[in-house]
1. Filter the range 1-16 for residues that are in contact (Cβ under 8 Å) with a residue 12 or more places away in the chain, of a type in the set (S, T, N, Q) and farther than 13 Å from residue 34 by Cα and give the result.
2. Answer yes if at least one residue in the range 182-195 is assigned to a helix (DSSP H, G or I), more than 19 Å from residue 149 (Cα to Cα) and free of Cβ contacts under 8 Å to residues at least 60 places away in the same chain, and no otherwise.
3. Within the range 8-31, how many residues turn out to be of a type in the set (D, E, K, R) and within 29 Å of the chain's Cα centre (by Cα)?
4. Just one of the numbered conditions (1) modelled with pLDDT under 95; (2) outside the structural domain of residue 26 (by TED's automatic domain parsing); (3) within 24 Å of residue 276 (Cβ to Cβ) is not true of residue 86; which one?
5. Name the single residue, out of those in the range 213-231 being touching an Asp or Glu at 6+ places or on another chain (Cβ under 8 Å) and part of a helix (DSSP H, G or I), that is surrounded by the most Cβ atoms within 10 Å (Cβ to Cβ).
6. Quick check on my filter: what residues within the range 251-282 are surrounded by fewer than 20 Cβ atoms within 10 Å (Cβ to Cβ), in contact (Cβ under 8 Å) with a residue 40 or more places away in the chain and of a type in the set (A, V, I, L, M)?
7. Could you list, in sequence order, all residues of the range 13-23 that are within 19 Å of residue 61 (Cβ to Cβ) and either surrounded by 16 or more Cβ atoms within 10 Å (Cβ to Cβ) or outside the structural domain of residue 86 (by TED's automatic domain parsing) (or both)?
8. Please name all residue pairs, on different chains or six or more residues apart, with Cβ atoms under 8 Å, provided the first residue is in the range 30-41 and is crowded, with 16+ Cβ neighbours inside 10 Å and the second residue is of a type in the set (Asp, Glu) and at pLDDT 90 or above.
Amino acid sequence: MYSVKGKVTAIYKNEESQVKVGKVLKQGTTINTQRDAKLTMVCKQGKPLCVTKEGMYPVSIWKDSCKMDNRSLTSSYFQYIWNELYHRSNEYKEVAEKNNMAVVRGDGPYRIEVYPDNWVIVEFSPGLDTINYASGSFLLSWTCYECRGKFQFQLYTAKDRKLIFKDSIKGSEISIDKFRKKLKPGVKYAWTITTNAKTGVIRRRIFNYVPKKTVTDYIESIKDDVDVPEDSAAQYFRIAYLLEKKHYLADAYAWYKKAAMADPESSLYQDKLNSFRFEYHLDVMETKKEEN
């Protein structure tokens, strides 16, 4: 179950229970929607199905409704949603326990940049290969095991390699706030780090500074881009997911936080927010905000 508005219950083997986001509807279930209720279900194939009228609906009526004729970013999103919600469900846990499987989700967030024998390993999140940035606080980050001393950070124009900003850093991240005033909208920049450790060549990463209106227009274009009912938390999360796919990481972070605040009981929204913070070292930024 992707989104629920109003009173909706599920009847299975003569037992009736309230329908909440994340609930898996088994074959033989009947949905009971009350007046003014709306709900959106998601098929494994990535197709959303909705109910907007009062009534009793056996799930069997949708057995042939999940076929997909095309692939799109929207269908990929709903496939992601189905997978995440299913792996958080009691039904999945029961199957895992029955088959003696480990309950595991997700992949490691970092990309190993260099890993020759006897050399220090530096890792970057794949999401930082290219970042599109317009506004908001965010970090450029990396992970380096057994590194000693400071990192040397450099930001320069991608086209002519003109140095814009440099800094010596103790930690493994730098706030965009430190150099934001030196940026010009519409300009493509690149950044890299160096260290005294033997790491090999660490390739540069792209930083696109885009006008705020570009992001605002994109968000407006996707707000109502699905023709199924969504509660506010689900809409916020979808916007955040699509912003992340477009490499607008600072904006994605803001919308992931909005989704988690709108539905604090959702493990999906909270887990995603926590993993996003971990991937981009954002707990460091949040801690500094609290200290200030």
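The values are calculated or read from the model by the stated rules, or taken from the named source; none is laboratory data. Computed from a prediction, not measured in an experiment: that's the story for all the values here. With ideal geometry, Cβ positions are generated from the backbone for all residues, glycine too; neighbour counts draw on all protein chains shown.
1. Here is the first cut: in the range 1-16, the residues in contact (Cβ under 8 Å) with a residue 12 or more places away in the chain are 1-13, 16.
Restricting the remaining residues to those that are of a type in the set (S, T, N, Q) gives 3, 9.
Within the range 1-16, just 3 meets the criteria.
2. From the range 182-195, those assigned to a helix (DSSP H, G or I) are 182; that's our starting set.
Next, from what is left, pick out any that are more than 19 Å from residue 149 (Cα to Cα): 182.
With free of Cβ contacts under 8 Å to residues at least 60 places away in the same chain added as a condition, the list becomes 182.
Yes, there is a match, as at least one residue in the range 182-195 is assigned to a helix (DSSP H, G or I), more than 19 Å from residue 149 (Cα to Cα) and free of Cβ contacts under 8 Å to residues at least 60 places away in the same chain.
3. Narrowing the range 8-31 to residues of a type in the set (D, E, K, R): 13, 15-16, 20, 23, 26.
Cutting the leftovers down to within 29 Å of the chain's Cα centre (by Cα) gives us 20, 23, 26.
Of the residues in that region, 3 qualify.
4. Of (1) modelled with pLDDT under 95; (2) outside the structural domain of residue 26 (by TED's automatic domain parsing); (3) within 24 Å of residue 276 (Cβ to Cβ), only one is false for residue 86: (2).
5. Taking the candidates together, the pick is 215.
6. The one that is surrounded by fewer than 20 Cβ atoms within 10 Å (Cβ to Cβ), in contact (Cβ under 8 Å) with a residue 40 or more places away in the chain and of a type in the set (A, V, I, L, M): 254.
7. Once the filter is applied, which keeps residues that are within 19 Å of residue 61 (Cβ to Cβ) and either surrounded by 16 or more Cβ atoms within 10 Å (Cβ to Cβ) or outside the structural domain of residue 86 (by TED's automatic domain parsing) (or both), the range 13-23 yields 19, 23.
8. Listed pairs, sorted by first residue: 33/54; 37/54.
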